[in-house]
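Here the structure comes first, spelled out in structure tokens, and everything after it is commentary.
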Amino acid sequence: MADDWKLKRISGRPRKAPATILPGTARRAATKASPGLEKGTVIKILLGIILLILVMIIGSFEFSLPKIQKVCYAKDCFSVELVEDEPSRARGLMYRETLAQDAGMLFIFPEEDNYPFWMKNTLIPLDIIWIDADWKVVHIASAVQPCKSEPCEVINPGAYAKYVLELNSGSTQRIGLVEGSKLSTS
């Protein structure tokens, strides 16, 4: 009877059990003997695949700081964010609570045309300056107030422009900018 424990019946065939069974020994032996990967290796491979997918997804987006350029009139210069694509032009300065005194936003359009603007979701009053392809000011809307309720007023310059510059309200008066003034960039 003492030797009965050595024989086990598995799947209808007698098998001999190991002489000494230590806790976890059979499990470790079976794991090492089985073909395939260890649990830690599988986890490392899965984490590597997930990381690779994340890098590919993040790499497909353009993460860049706004392009900045200087727009000047006489001795006064403004650091302006360049807005060159339709989604950025549609967003503009919406939801911004402040704008530095020497900052602004320059909207760049593909061609000269009549580009009306409005102040929907814009929180700060602005001076809006329409500029032709030769950097000559063709229209100024001074001290345009944020739109408080819809429908928002549409500011139509009635002139063709290639660029539209938004500055803090009062900037055009402070620097003496008027229609016909010539701006420069750097």
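Values in this text are rule-based calculations from the coordinates and carry no lab data. These numbers come from a predicted model, not from an experiment. Here the Cβ is made from the backbone with ideal geometry for all residues, glycine too, and neighbour counts use every protein chain on show.
Structural remarks
- Computed from the C-beta positions of residue 145 and residue 79 and an R0 of 25 Å, the FRET efficiency is 0.55 to the nearest 0.05.
- Residues in segment 70-91 that a label on residue 124 would reach, taking backbone N under 14 Å of a point 7 Å out along Cα→Cβ: 78-81
- Summed residue charge, Cβ within 12 Å of residue 83's Cβ, Lys/Arg positive, Asp/Glu negative: -2
- Between residue 160 and residue 132, the modelled labels are 0.9 nm apart [label points 7 Å from Cα along Cα→Cβ].
- By definition, a body whose alpha carbon gyration tensor gives a ≥ b ≥ c is rounded when a/c is under 1.5, and segment 68-185 falls into this rounded group.
- Cβ crowding within 10 Å, taken as a proxy for footprinting-reagent exposure, orders 138, 80, 55 from fewest neighbours to most as 55, 138, 80.
- Sites residue 90 and residue 46 - FRET efficiency at Förster radius 41 Å, r taken between beta-carbons, to 0.05: 0.50
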